[in-house]
Amino acid sequence: MKVLLLDVYIKDSKYRICKDTNGSYGTANDYGDSLFPKLLTKIAKNTNFWPPIYLMYVGAVLREKGHEVHYSNNIVNDEEYDCVIMSSSIVCHESEIKEIKKINKKSKVIVVGSFVTSNPEKYLETGVKVVLGEPEFYFLRNSLDKILKDNNFSFNSINKENEDLDSLPIPCWDLVINRLSFSGGLKKKKCIPILGERGCPYSCFNYCTYPLAQGRTPRARSTEKIVEELKYWNKNFQVNEFVFRDPVFSIDRGRTENLAKAIIDEGLDIKFTIETHLNNLDYELVMLLKKAGVFIIRVGIESVNYDVIADAKRFSLKKEKEKEKLDMIHSIGIKVIGMYILGYETDTKESCLATIKYAKELNTYIAVFSVFTPYPGTPIFMKFKDRITSKNYEDFNQWKLVFDHANMSGKEIRGLLDYAFTTYYLSIRWIIKNLRLAL
Ligand code: SF4
């Protein structure tokens, strides 16, 4: 069959949209309204792109089964395809529905991804089929022909058998190889997303979409499979930069050490970015990771205020420990991207300003300030559902206030973002320590 992987984005958006981040609900990096955040927004848009990893796994599975697979961001002539597999997201939701309406034969459209899994109604209303859960496993176990001929509209892939990540083939990134980029700097660089592990057991599952999409029990690929994939892209496509998409890369220390040692033993000349929790890093491990090629570590700092963090059920280290760990990572020569959230439910303007001040003290290579967002499907959403002020799902982009906050307005939050990004990156301390690293 001729299959189209349809990955729709908001048309002509001025900011970078990624439908893989945020547990595949997606994010849109719309940093603020003043001049400097707008410049950063433009840089992020020009230097980052990759489609959702699950969509490219689906493509790889179908290709292995003999189908001809294509990728596109819009549909020109749907008659050309026997089946359209479409990614879902909150961040481009209305645009996705609009695109579906252009397709004549809705029953050949199958919508997949974590957003449709938690929120299938709006998609089903259009007459398409949906696969709930991890779609790559569903297509691995079932024939496409059977799904298309089935009179049902909803198929369930929430299954224990999904544990074997090694049963998945290498994602079909080759379909978009010339567009893939993730820089963590000012220059656009080719970079391939890699899956090592899925699932996160931490307490912030209350508001976080990763456990919602991937479960709370970590499942990992074998070291051999990961190294085999790194070698594949490195040798066949000359890619030497990768971004691990694990929600908490070093959650299993033994596995992390084995992987790092295996990469070193292979002599692969690669660099990679990871995201993890500071709790899981110490000097020996960070040294080993550096030797293996880690050059950027992303960590969630979130807020400086203990009460705000406790109220959000976020598991964080004590601030002294946090600073100590960041100093240790910096001393080893690894860049840090610190992620902060403004506008938690109990945040005030003062607590947000204190968080921004704390970020400046930490002075990491990159600081990303975003806005607390209660996502439909997460446990915390029930508490907020009567206070949601946004009519469109596309507003849930992590840089807009979407609910009636007791202490701040949406305009005030946007003002805080402007202040945070501008004063962080235009400070002498940041320029002296970090600017050359970004060039
Ligand atoms: S550590 Fe918390 S924020 Fe990070 S992926 Fe896990 S649940 Fe989500």
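The values are calculated or read from the model by the stated rules, or taken from the named source; none is laboratory data. Note that the structure is predicted; figures quoted are calculated from it, not measured. Neighbour counts are summed over all protein chains in view; Cβ atoms, including those assigned to glycine, are modelled from backbone coordinates with ideal geometry. Protein only, heavy atoms only, side chains kept; ligands, DNA and RNA dropped before computing areas. Shrake-Rupley method; radii C 1.70, N 1.55, O 1.52, S 1.80 Å.
A probe of 1.4 angstrom, applied to the heavy atoms of all protein chains, finds M1 with accessible area near 70 square angstrom.
Once the C-beta distance of F153 and K385 is scaled by a Förster radius of 30 Å, the resulting FRET efficiency is 0.70 to the nearest 0.05.
Taking the Cα centre of the chain as reference, the dipole from Cβ charges on Lys and Arg (+1) and Asp and Glu (-1) amounts to some 900 debye. A Förster radius of 30 Å, combined with the Cβ-Cβ distance separating E121 from K146, puts the computed FRET efficiency at roughly 0.75.
Phi angles across segment 108-119 convert, under the Karplus curve 6.51 cos²θ - 1.76 cosθ + 1.60 with θ = phi - 60°, into 3J(HN,Hα) values of 9, 9, 10, 8, 10, x, 6, 6, 5, 5, 8, 9 Hz, Gly and Pro given as x.
The apolar share of the surface of the chain, taken as the fraction of accessible area on carbon and sulfur atoms (1.4 Å probe, ligands and nucleic acids excluded), comes to 52 percent. For the chain, averaging the sequence separation of C-alpha pairs within contact (under 8 Å, six or more residues apart) and dividing by the residue count gives a relative contact order of 15 percent. Averaging Cα coordinates gives a centre for segment 156-214 and one for segment 375-439; these two points are 23 Å apart. Using the Karplus relation 6.51 cos²θ - 1.76 cosθ + 1.60 with θ = phi - 60°, the per-residue 3J(HN,Hα) values for segment 67-80 come to 7, 8, 10, 10, 10, 8, 9, 8, 10, 9, 9, 5, 4, 5 Hz, with x marking Gly and Pro. Can you give the Rg/Rh ratio of segment 365-437, where Rg is from the C-alpha atoms and Rh is the Kirkwood radius? Using only Cα positions, Rg/Rh for segment 365-437 is 1.11. For segment 191-438, averaging the sequence separation of C-alpha pairs within contact (under 8 Å, six or more residues apart) and dividing by the residue count gives a relative contact order of 16 percent. Highest GNM mean-square fluctuation, the chain, Cα pairs closer than 10 Å: which of I85, I296, I177? Among I85, I296, I177, the largest GNM mean-square fluctuation belongs to I177. For M86, the residues 5 or more places off, or on other chains, whose built amide H falls under 5 Å of its own are L6, I110, V111, V112. Could you tell me how far the Cα centroid of segment 279-321 sits from the Cα centroid of segment 1-64, in Å? Segment 1-64 and segment 279-321 have Cα centres spaced 26 Å from each other. Applying a DSSP loop filter and a limit of 14 other Cβ atoms within 10 Å to the GluC sites (Glu not before Pro) in segment 84-140 leaves E125.
Scanning residues 5 or more positions from V243 or on other chains, those with amide H under 5 Å from its amide H are I192, I194, T273, with H placed 1.01 Å from N in the peptide plane. Within the shell of other residues whose beta carbon sits under 15 angstrom from the beta carbon of C172, the net charge comes to -3, with Lys and Arg scored +1 and Asp and Glu -1.
Report note on the peptides 321-329, 367-375, 193-201: ranked by the mean count of other C-beta atoms within 10 Å, highest first, their order is 367-375, 193-201, 321-329. Normalising the average separation of contacting C-alpha pairs (under 8 angstrom, six or more residues apart) by the number of residues puts the relative contact order of segment 195-318 at 26 percent.
Here the simple spin-label model places points 7 Å from the Cα toward Cβ, and for H330 and I177 these points are separated by 4.0 nm. In segment 191-438, taking the dipole from charged Cβ atoms about the Cα centre, the farthest positive-side position among T355, P374, W399 is held by W399.
Per residue, the accessible area of the chain comes to 41 Å², computed with a 1.4 Å probe over protein heavy atoms only.
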